[in-house]
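No lab work stands behind these numbers, since they all come straight from the coordinates. Just so it is clear, the structure is predicted and the values come from calculations on it, not from any experiment. Because the Cβ atoms are built from the backbone with ideal geometry, glycine has one as well, and the counts that use them run over all protein chains shown.
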Amino acid sequence: NLLKAGTCNTPWHGDFELTGEDLEEMVANFAEGVGLVAEDETKAPLNYGHMMADKAAGWIKRIRVEAVNGTAALMGDVEWTPAAVQAIKDGEWRYLSPEFNPRGYPWEDPEQEFTFVDNVLTGAALTNIPLFKKLKPITASRIPPGRVQFITPIIEIMTSYAYVHTLTYAIQVC
């Protein structure tokens, strides 16, 4: 789970709201490659500690909206690197933070000046210092043999909020 619909209150980004429609728009923008690194690949980088110029911990290959306890949530399928799998298992990283531009804080296309797009997921990061506190840590488990050529963990994200009014689940930034 990357994000959940609701109202967010952050010290650095102020207040904003994510609706189910906003999350659906993120899915559509992702499918069209908006905000992604390469036009020919629909995947977003998952980095270490928001170090966007550093090596990848994995790649978000697909996103979708699902209902979680009656609330729209943005879910993602991640292809993790072996190093990230080991780092998570070793407890080196405990939380996941989405990198996105919600409605009202649009993403700007770096190749077309003054072209702005709302509701864009650009990636995510493993982190140990989440924006929101009282998050539950990520955990890694194995995908059953035969589904992939190498071991890829499924990351289960479970969180609770201290600073978000109407949200009951999300990762770090909403």
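General remarks:
- Close amide H contacts of Glu17 (hydrogens built in the peptide plane, cut-off under 5 Å, sequence separation of 5 or more or a different chain): Cys8.
- Amide hydrogen neighbours beyond the local backbone of Phe100, cut-off 5 Å, H modeled: Thr122
- Set of the stretch 59-73 residues, backbone N closer than 17 Å to the point 7 Å along the Cα-Cβ line of Ala83: 59-60
- Gain on full stretching of the segment that runs from Glu113 to Glu32 - 0.36 nm per residue minus C-alpha separation: 27.3 nm
- Of the peptides 11-18, 53-60, the order by per-residue mean of other Cβ atoms within 10 Å, starting with the highest, comes out as 53-60, 11-18.
- If only the Cβ of Lys and Arg carry +1 and only the Cβ of Asp and Glu carry -1, the dipole of the stretch 1-88 around its Cα centre is close to 400 debye.
- Rough spin-label spacing in nm, given labels placed 7 Å along Cα→Cβ, for Val68 and Asp54: 2.5
- In terms of distances greater than 22 angstrom between alpha carbons, the cross-link table entries Lys4/Lys61; Lys43/Lys89; Lys4/Lys89 yield Lys43/Lys89; Lys4/Lys89.
- The aspartates and glutamates whose alpha-carbon is closer than 17 Å to the alpha-carbon of Lys55, local same-chain residues fewer than 8 away aside, are Glu79, Glu92, Glu99.
- Cα-Cα pairs of the stretch 1-108 separated by more than 21 Å (percent): 40
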